[in-house]
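Colleague: Here it is: the structure, laid out below.
The values are calculated or read from the model by the stated rules, or taken from the named source; none is laboratory data. Every value quoted in this text rests on a predicted model; they were computed, and no experiment measured them. Glycine also receives a Cβ, built like all others from the backbone with ideal geometry; neighbour counts cover every protein chain displayed. The accessibility values were calculated without ligands, DNA or RNA, using every heavy atom of the protein model including side chains. Shrake-Rupley method; radii C 1.70, N 1.55, O 1.52, S 1.80 Å.
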Amino acid sequence: MRSFPAGAGCVNSPLALRSVANTFPGGVGVQATAHVYAGSGCGGRLLAVVRPGDRVPVLSAPGTSVLLTV
């Protein structure tokens with residue numbers, strides 16, 4: 001499991017991401033959405049957009065970087 005801090009911008013993952021769960025609390029206030037990319041530096045194909053409380057059990061390709069927007 002790898003955690004990414006909300007508001008950190010684009011973060012390259014040291015391990016290939018095969019699935020994604022957004023466990024950011026959500027609810028009232030700030031909502032963090034995870035954008036998972038196939039390439040490093042949030043480049044390449046966008047693989048998934050995961051909103052608070054959602055998950056993607058299997059990505060279509062390995063994810064390399066994540067952008068968390070608030």
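Colleague: Hey, can you grab everything whose amide H is under 5 Å from the amide H of Leu59? Only 5+ residues off in sequence or another chain; H modelled, so Pro and N-termini drop out.
Modeller: Ser19
Colleague: Here is a follow-up. Dividing the alpha-carbon Rg of the chain by 2.2 N^0.38 Å yields what?
Modeller: Cα Rg divided by the expected 2.2 N^0.38 Å: 1.00.
Colleague: Okay, moving on. Of the peptides 53-61, 39-47, how do they stack up when ordered by the mean number of other Cβ atoms within 10 Å, highest first?
Modeller: 39-47, 53-61
Colleague: With every protein chain left in place, what is the accessible area per residue of the chain in square angstrom, probe 1.4 Å?
Modeller: With all protein chains present, the chain gives 60 Å² per residue.
Colleague: Short version: ³J(HN,Hα) in whole Hz for each residue of the stretch 50-56, in order, from phi by Karplus 6.51 cos²θ - 1.76 cosθ + 1.60 (θ = phi - 60°), x for Gly and Pro, what are they?
Modeller: These are the phi-based 3J(HN,Hα) values: 10, 7, x, x, 8, 8, 10 Hz.
Colleague: Given a 1.4 angstrom probe, I'd like the percentage of the accessible area of the chain that is carbon and sulfur, rounded to a whole number.
Modeller: With neighbouring chains kept in place, the figure for the chain is 56 percent.
Colleague: Moving on. Can you check what the net charge comes to around Ala34, using other residues whose Cβ is under 13 Å from the Cβ of Ala34 (Lys, Arg +1; Asp, Glu -1)?
Modeller: +2
Colleague: Let me ask another. Enter the Cα centre distance for the pair the stretch 31-70 and the stretch 4-26, rounded to the nearest angstrom.
Modeller: Between the Cα centre of the stretch 31-70 and that of the stretch 4-26, the gap is 7 Å.
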